[in-house]
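Just so you know, all these numbers are worked out from the coordinates, no wet-lab data involved. Predicted, not measured: the structure shown is a model, and the values here were computed from it. Cβ: placed from backbone, ideal geometry, glycine included. Neighbour counts: every protein chain shown.
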Amino acid sequence: MKHYGAKALLKGAVLSAVAAGSFATAAIADEQFFPLQSYRVGPYAAGGTGFFGGTIDYFNLINTRDGGVNGVKLTWEEGETQYEVERGVEVYERLKGRPNIAAWNPLSVGIAYAMIDRITQDRVPLITVNHGRTDSTDGRVFPYVFPLLLNPYSETSGIINYIASKEGGEEKLKGKKIVVLYHGSPYGKETIPIYELLKEKFGYEVQQIEVPHPGNEQQAQWLAIRRYKPDYVVLRGWGVMNPVAIKTAQKTGFPVDRIIGNVWSNSEEDVIPAGDAAIGYTAITTQASGADYPVLQEIVKTVYDGGKGNLEDKKRIGSVYHNLGIVNGILNVEAVRIAQKRFGNRTLTGDEVRWGFEHLQLDPKRVEELGAKGLFHSINVTWDNHEGDGLVTFQQWDGKKWNVVSDWIAPDWKLLRPIIEKSAEAYAKEKGIKIRTSEDADKVTELQGAASSAKN
C-alpha cells in the first residue's frame, strides 16, 4: 500500500481532472453531470482518493462499456475541498450553475450540512452515503437529502446489536462498560445522544471521549480509558486518528479485539499503518472489500487495462474506500436509470433524479445482475425513508486482509424511526417546511436552481 505526500496527491488530483476533461466540458443535452467535491490532499486524502476514485471508475465503466446510461453519457468535474467546509461550499457555488446536474456527493458531514438549504432550493439530490445528518433519513422533511445505506443512528444500533451478539444476547449488555472514542467534528459528535439513549434501553455504562482533529495525539484519552477499564471501545474515527488509536491502545495494554471501528474506521488505510497492532481489530461495514466481484473484474478489464483507471496505485483496487466508491457509483447510476424509466432515456433534471433515488430499490437479484453480489446486500429507498434498510456486517483484520465475521445485522428501527421523525418534524417547524405526502413526492419539476436542464 503506497502512501503519498501532499505534492504527489495534488499532482494526482490535477491529472485526474485532466483525465476527466473529455467528460467535464460544457454539458450538452445527452449528458448527465456529477460535480464532485473531492479531497485528494490533506489528512483525509486516503478516504477521498479511494472513494472518489471508485465512483469515477464506475462512471468510466458505464461510459466505456455501455455508452452511458441508455445513451446518456456521465460527466463530472472535481473540485478540491481538503475536507474543509468553506472549500466545499466554494466548489458548490462554482459548479452549481452547470447544466444537467444529477446529484452532489461530498463525502463530508460538515460540507453536507452546509449544503442542505442550498440543494433544497436548487432541487438537486445530496447523497451522503454512510454519513450525514441522521434525521435526513425522513424524506417527508428532507426531500433532496439521501443518507444511503447507513445513517449514524442505525450504525450505532448495529454496533450495539453486534456487541450483544458477542456477549450472548441483549440482556448480557447490562453493566457492561463501553467507551466511544469520537472524532472532534460534527461527524464525530453526531452519535453522542443515541449511545446515551441505547444505554437507557440496555443498561450498559458509557463514557464518550473526544479526540481533537486530526487525532495525531491520543495518549491522554487512552490513559483515561485504561483507568475506566471498559469491556469495549467503539472507535468513531476518521483519517489519521484511526491507526494512532490502534497503536496507542496497544501501548496502554488495551486488547485490540475489544475495539470496534465504525464505518469510517474500517479501511486498509486505518489498519496497515498500525502494523501488527491492528491484527484482530474489528469494524462495521456496508460493503465488502476485495477485487473478486464481477463488477471489480470488469472495471480492471475495461477501465484500468484501457488506461482510464483513477487510482494511482492499482494495489488499492478492491480496498474498502475504493469499493464504497464503486457502490456509490452504482447507486447514483441506478437512480438515474430508474428515473429514465418514467421520464425517458434522456438527460434528467435534478428533481427527476430525486424521484429516481426515492424509488431506488435494488434487491439481491438486481445486485447480482450488476456484478455486485456479495459486495453489498441490497437497498430499499422510499419517498419517506431515504436510507434503505440499514443492513451492516462486521469484518476483522488478519494482518493482510479483511474477513467478514458476522451475518447481516439490522438496526432497531422500532426504536430509531420515532426519534428520527421527531427530530425531522422539529427541523420542519423551525424552518417553516411543509411536511410532504406521497402525492407531493410524486410531483417533479423541470427546472433546477440557476440552470435549466433538458426538457420534455
* Helix axis angle, 219-228 relative to the chain longest principal axis, alpha carbon, degrees -> 50 degrees
* Structure fact -> Ranking Ala103, Gln250, Asn380 by how far each Cα lies towards the positive end of the charge dipole of the chain (+1 on Lys and Arg Cβ, -1 on Asp and Glu Cβ), the top one is Gln250
* **the chain - share of DSSP beta bridges that are antiparallel (%, nearest 5)** => 35 percent
* Using only C-alpha positions, report the orientation-averaged shadow area of the convex hull of region 261-313, nm², one decimal. => 4.7 nm²
* Whether region 33-158 is rounded, prolate or oblate, judged on the alpha carbon gyration tensor where a/c under 1.5 counts as rounded -> rounded
* Structure fact -> From the Cα centre of region 31-98 to that of region 310-383, the distance in Å is 15 Å
* Given q = 0.10, 0.12, 0.16, 0.21 Å⁻¹, what are the Debye log10 I(q)/I(0) values for region 332-420, with equal point scatterers placed on the Cα positions and solvent ignored? -> -0.36, -0.51, -0.79, -1.05
* To do: Set the Förster distance to 35 Å, then compute FRET efficiency between Glu170 and Glu298 from the Cβ-Cβ distance, nearest 0.05.
  => 0.25
* On each of the three principal axes of the Cα atoms of region 313-381, give max minus min coordinate, whole Å, ordered largest first. => 40, 26, 17
* Rounded, prolate or oblate: which fits region 361-410 when a ≥ b ≥ c are the square roots of the eigenvalues of the alpha-carbon gyration tensor, with rounded for a/c under 1.5 and prolate only if a/b beats b/c? -> oblate
* Structure fact -> From DSSP H assignment alone, runs of 4+ in the chain each adding -39500 (n - 2.57), the sum over residues rounded to the nearest 500 puts [θ] at 222 nm at -12500 deg cm²/dmol
* Structure fact -> Everything considered on the Cα gyration tensor (a ≥ b ≥ c; rounded for a/c under 1.5, else prolate if a/b is larger than b/c, else oblate), region 124-250 must be described as oblate
* Asked: With the radius of gyration and the Kirkwood radius both derived from the Cα set of region 302-456, what is their ratio Rg to Rh?
  -> 1.02
* Dimensionless Rg ratio for the chain, taking C-alpha atoms and the 2.2 N^0.38 Å reference -> 0.93
* Could you check the simple spin-label distance between Trp408 and Thr120, using points 7 Å along Cα→Cβ, in nm with one decimal? => 3.2 nm
* Structure fact -> Pseudo-spin-label distance Lys177 to Arg342, built 7 Å along Cα→Cβ, given in nm, is 5.3 nm
* Using unit Cβ charges (K, R positive; D, E negative) and no other charged atoms, how large, in debye to the nearest 20, is the dipole of region 266-370 about its Cα centre? -> 520 debye
* Rounded to 10°, Cα long-axis angle of helix 45-66 versus longest principal axis of the chain -> 40 degrees
* Structure fact -> Taking Cα atoms only, helix 413-431 is inclined relative to the longest principal axis of the chain by an angle, in degrees rounded to 10, of 60 degrees
